[in-house]
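The values are calculated or read from the model by the stated rules, or taken from the named source; none is laboratory data. Every value quoted in this text rests on a predicted model; they were computed, and no experiment measured them. Please note: Cβ atoms are built from the backbone with ideal geometry, for glycine as well, and neighbour counts cover all protein chains shown. The protein model used for the area step is the full one, side chains on, heavy atoms only, and it has no ligands, DNA or RNA in it. Shrake-Rupley method; radii C 1.70, N 1.55, O 1.52, S 1.80 Å.
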Amino acid sequence: MDDKLQVRPMVDAKNGQVTPEIYTDEAIYQLELERVFGRSWLFLAHESLIPKAGDFFTTFMGEDPVVVVRQKDGSVEAYLNQCRHRGMRLCHADSGNTKAFTCAYHGWAFGLDGGLTSVPLEEEAYRNKLDKSRWGLTRVPRITLYKGLVFGNWDANAPALEDYMGDMAWYLDGFLDRREGGTEVVGGIHKWTIECNWKLAAEQFCSDQYHAPYTHASAVQVLQASPANKADGKPLGEGQTPRPVWADALGGVQFSGNGHGSAFFFTEKPDANVWVDGEVSSYFRDTYPEAEQRLGKVRALRLAGHNTLFPTLSWLNGTQTLRIWHPKGPNKIEVWAFCICDRDAPVEVKDALIRSHARAFGPAGFLEQDDSENWVEVQKVLRGYKARQAEFCIQMGMGFEERRQDGIPGLTNYTFAETAARGFYQHWANMMSAENWSEINDLSAADQQEGV
Ligand code: FES
Ligand SMILES: [Fe+2]
């Protein structure tokens, strides 16, 4: 496939449009697995899931299954979860602790370091001629830990993770670095499938605040009208009109850079985006001084921010959901949602956050359901032939991008804009058409000059 001719014109960020085929085409999807998921930094695990030597966690890089393993020296490695003998899935558990991984097919066993350590009937069947050093697990060559998150990259020539994140690290720190002790995953991991292309979910979290007043209108009204809502310290009185969170916001910002994006409002209320039990609200108020001291006022008071680190890691401040959109074909994703909590928070707060996370962003969460219904319907409509012909519009705020002087980094716009969507798709198109990271970087530099 001559992808330079076929893929790049499908995204026209300068004129604010994309071709719907990017959400449906099988050949494009196969190229994504190679060029996007085979070369991007991908979230693998939170360190709190594998604290001890021998702890492992199985996940995916694109569609490739991998197992993330804590080593005896405390470092972290990841391997393709595939036996080198005849390709069987090696580890079937979601997570656990082990001394070795033994294949269920013929019994080859691999150590924590990925080396092949034991082969049944090695003497009789292989006459001791098998060079075991050749048949270790396929190792993910680049692993980097960042504030509790484990990232992996298949491409030895990819930039360092911090360069890849660029200005997005400033936004990610606002989620991971509120308190001295860092964060941990609390509760289980929710996993479910949605019949939509991965870019619909990732791009929305990167850019689309515009949907919130409409898509979530009823959910927000019910939530704010509830006597249980004590986000401002007091339940709403009789006759009081529920106000959407953005109504009291002090403006907002959308950020775009390297395909990543963030969109958020400002508030003066440290707990304004918590939307949960009083005990969690008071925790956010009580710990605000530490957060402000670590992050500064702008980040400590961020409201209703949602974010995507390209391609598939998204999070929402306050409601504390961190999720990865694992692609499962062009028309399907598997969501893995983690509840992230400050490690130093009291256990009652952790318990309350687990409940509130499930209520808002679990598989049946009242906000989650609103979002996924939109994506599923978009994808269903795209089954039609005509529905795949006309471009989609991503022109909001075009030409009004700015670089701010107040310390908020990157290319920015008003929170209701599609600046980050344009950046997301432009970066996607660059990755899909470039032969290597050096070409990707050249294309990105040219885009930045042109303000895309
Ligand atoms: S496929 Fe794993 S031991 Fe044969
Ligand atoms: Fe939403």
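For the list (1) at pLDDT 90 or above; (2) under 24 Å from the mean Cα position of the chain (by Cα); (3) not aromatic (Phe, Trp, Tyr), I need the number of the one condition that GLU292 fails.
The single condition GLU292 does not satisfy is (2).
Taking ILE394 as meeting all but one of (1) free of Cβ contacts under 8 Å to residues at least 24 places away in the same chain; (2) of a type outside the set (Lys, Arg); (3) more than 11 Å from ligand 2 (Cβ to nearest atom), write down the number of the exception.
So ILE394 meets the others, but not (1).
Among all residue pairs at least 6 apart or on different chains, which show Cβ distances below 8 Å where the first residue, located in the range 81-94, is in the same structural domain as LEU112 (by TED's automatic domain parsing) and the second is within 7 Å of ligand 1 (Cβ to nearest atom) and part of a strand (DSSP E or B)?
So the pair list comes out empty.
Does ASP113 satisfy being more than 16 Å from ligand 1 (Cβ to nearest atom), without any contact (Cβ under 8 Å) to a residue 24 or more places away in the chain and not assigned by TED's automatic domain parsing to the domain that holds VAL185? Can you show your working first?
Details: more than 16 Å from ligand 1 (Cβ to nearest atom): yes; without any contact (Cβ under 8 Å) to a residue 24 or more places away in the chain: no; not assigned by TED's automatic domain parsing to the domain that holds VAL185: yes.
When the stated conditions are applied, ASP113 does not pass them.
Considering only residues that are within 16 Å of ligand 1 (Cβ to nearest atom) and of a type in the set (D, E, K, R), which ones fall in the range 48-102?
ARG84, ARG86, ARG89
Going by the structure shown, is ILE340 out of contact with any Lys or Arg (no Cβ under 6 Å at 6 or more places or on another chain), of a type in the set (A, V, I, L, M, F, W, C), under 30 Å from THR19 (Cα atoms) and part of a strand (DSSP E or B)?
Details: out of contact with any Lys or Arg (no Cβ under 6 Å at 6 or more places or on another chain): yes; of a type in the set (A, V, I, L, M, F, W, C): yes; under 30 Å from THR19 (Cα atoms): no; part of a strand (DSSP E or B): yes.
It is false that ILE340 is out of contact with any Lys or Arg (no Cβ under 6 Å at 6 or more places or on another chain), of a type in the set (A, V, I, L, M, F, W, C), under 30 Å from THR19 (Cα atoms) and part of a strand (DSSP E or B).
A quick yes/no check of all residues on (1) of a type outside the set (D, E, K, R); (2) more than 16 Å from ligand 2 (Cβ to nearest atom); (3) open to solvent by 10 Å² or more (accessible area, probe 1.4 Å); (4) under 13 Å from LEU149 (Cα atoms):
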| residue | (1), (2), (3), (4) |
| --- | --- |
| MET61 | yes, yes, no, no |
| PRO65 | yes, yes, yes, no |
| VAL69 | yes, yes, no, no |
| ARG89 | no, yes, yes, no |
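Any residue in the range 308-323 that is closer than 30 Å to THR412 by Cβ, touching a strand residue (DSSP E or B) at 6+ places or on another chain (Cβ under 8 Å) and open to solvent by 30 Å² or more (accessible area, probe 1.4 Å)? Spell out how you get there, then give the answer.
Let us first name the residues in the range 308-323 that are closer than 30 Å to THR412 by Cβ, namely 308-323.
Next cut, touching a strand residue (DSSP E or B) at 6+ places or on another chain (Cβ under 8 Å) only: 308-318, 320-323.
Checking which are open to solvent by 30 Å² or more (accessible area, probe 1.4 Å) leaves us with none.
Checked the range 308-323: no residue is closer than 30 Å to THR412 by Cβ, touching a strand residue (DSSP E or B) at 6+ places or on another chain (Cβ under 8 Å) and open to solvent by 30 Å² or more (accessible area, probe 1.4 Å).
Taking the conditions exactly as written (closer than 30 Å to SER438 by Cβ and either open to solvent by 30 Å² or more (accessible area, probe 1.4 Å) or modelled with pLDDT of 90 or more (or both)), does TYR164 satisfy them or not?
On the way: closer than 30 Å to SER438 by Cβ: yes; either open to solvent by 30 Å² or more (accessible area, probe 1.4 Å) or modelled with pLDDT of 90 or more (or both): yes.
Here the answer is yes, as TYR164 does meet what is asked.
Inside the range 51-64, can you point out the residues that are touching a residue at least 24 places away in the same chain (Cβ under 8 Å), part of a loop (DSSP other than H, G, I, E, B) and more than 21 Å from VAL335 (Cβ to Cβ)? It would help to see each step written out before you state the result.
Keep residues of the range 51-64 that are touching a residue at least 24 places away in the same chain (Cβ under 8 Å), which gives 52-64.
Then keep just the ones that are part of a loop (DSSP other than H, G, I, E, B); that gives 52-54, 62-63.
Once the filter is applied, which keeps residues that are touching a residue at least 24 places away in the same chain (Cβ under 8 Å), part of a loop (DSSP other than H, G, I, E, B) and more than 21 Å from VAL335 (Cβ to Cβ), the range 51-64 yields LYS52, ALA53, GLY54.
Out of ALA125, ALA156, ALA104, I need the residue that is over 22 Å from GLY38 (Cα atoms) and either touching a Pro at 6+ places or on another chain (Cβ under 7 Å) or assigned to a loop (DSSP other than H, G, I, E, B) (or both). Which one? First the steps, then the outcome.
Values: ALA125 fails: either touching a Pro at 6+ places or on another chain (Cβ under 7 Å) or assigned to a loop (DSSP other than H, G, I, E, B) (or both); ALA156 fails: over 22 Å from GLY38 (Cα atoms).
Every option except ALA104 fails the conditions.
Quick one: which residue in ASN128, ASN197 is open to solvent by less than 30 Å² (accessible area, probe 1.4 Å) and either more than 25 Å from VAL253 (Cβ to Cβ) or modelled with pLDDT under 95 (or both)? Walk me through it before giving the result.
Details: ASN128 fails: open to solvent by less than 30 Å² (accessible area, probe 1.4 Å).
Sole residue among the options that is open to solvent by less than 30 Å² (accessible area, probe 1.4 Å) and either more than 25 Å from VAL253 (Cβ to Cβ) or modelled with pLDDT under 95 (or both): ASN197.
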